[in-house]
1. Could you tell me what percent of the accessible area of region 118-197 is made up of carbon and sulfur, with a 1.4 Å probe and every protein chain present?
2. Report relative contact order for region 124-218 in percent, whole number only (criteria: Cα-Cα under 8 Å, sequence separation at least 6).
Amino acid sequence: MCLLLGATGVGKSLLVKRLQTILRCWARGTAASGGGVLSHGWGTPGVNGARGCWILMGAAMSPWGLEWGLWSGGVSGEAQGGIRPLPALLCPIWVLDFPAQLSSQDGKGDLGDPPPTRPTVGTNLTDIMAHKKITIRELGGCMGPIWSSYYGNCRSLLFMIDASDPTRLSASCAHLLGLLSAPPLAEASVLILFNKIDLPCFMTVEEMKSLLRLPDVIACAKQNIATAEISARKGTGLTGVLRWLQDAHRTGV
Ligand SMILES: Nc1nc2c(ncn2[C@@H]2O[C@H](COP(=O)(O)OP(=O)(O)OP(=O)(O)O)[C@@H](O)[C@H]2O)c(=O)[nH]1
Ligand SMILES: [Mg+2]
């Protein structure tokens with residue numbers, strides 16, 4: 001179980017929806033390539049080499065680019081974007097792996113318009129398949145007073161902070177310290193997410209971390225704590241969140 005916590009309106013529900021969209025997209029991509037995830041290596045152009053080039057280009061562009069490229073299978077990269085198929089008899093084939101970046105500049109492109117969300121009153125359970133099934137339990141920000149009833153059986157914890165609204169930092173800090181000192185969460189891996197980095201803010205994330213005394217908090221906490229800067233709206237940093245979840249849930253529940 002992964003707990004997803006944070007004040008109301010920080011973007012927890014949108015994050016879960018975006019993670020689902022990304023995973024659906026990857027699942028379709030791997031299915032289109034015959035379910036085969038290509039590994040680094042060499043192949044013959046025109047057989048699987050050209051397709052390998054396509055995968056490289058698609059993955060570098062976006063998951064949608066990847067899907068489109070695979071559907072178009074066999075169309076040369078040159079025709080679609082000025083990337084020439086490699087002329088040699090053997091050309092590299094790349095792993096169809098997590099793309100490093102899933103974002104577009106306007107927040108509408110790759111992942112589509114952000115789906116609407118409503119304040120979560122209560123709790124939302126969502127299963128995602130990131131190599132194995134991971135259940136994410138979002139607790140609405142308004143449930144803060146009773147979050148602790150849900151700490152049991154928690155392997156990982158995503159704690160979200162609104163990076164566009166430093167006025168709520170002190171409340172987030174109090175919540176975070178409460179979580180880190182809760183005995184049932186002593187073994188959990190913790191990822192602190194600074195969300196909404198697409199919005200302008202008068203304070204940088206580094207300044208916020210320093211205000212939160214985050215280096216000291218991390219040094220003193222029992223848990224393994226990582227941080228990430230993301231935009232659930234644009235998709236920035238979400239592949240990193242999925243990787244982190246995979247690692248945190250590699251064993252156990
Ligand atoms: N600009 C921007 N808006 C975001 C981002 N993430 C979420 N939002 C918006 O913030 C608002 C609140 O998002 P939710 O996902 O409902 O927030 P929540 O944390 O689930 O809130 P509760 O369920 O009330 O605890 C919505 O309008 C989202 O579209 C982001 O990265 N950037
Ligand atoms: Mg919500």
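1. Working: 2000 of 3600 Å².
Looking at region 118-197 in its full context, I get 55 percent from C and S.
2. Numbers: 86 pairs, mean separation 26.5, N = 95.
Relative contact order here is 28 percent.
The values are calculated or read from the model by the stated rules, or taken from the named source; none is laboratory data. Small disclaimer: the values here were computed from a predicted structure and weren't measured. For the accessible areas, the whole protein counts, side chains as well, though only heavy atoms, and no ligand, DNA or RNA atoms are used. Shrake-Rupley method; radii C 1.70, N 1.55, O 1.52, S 1.80 Å.
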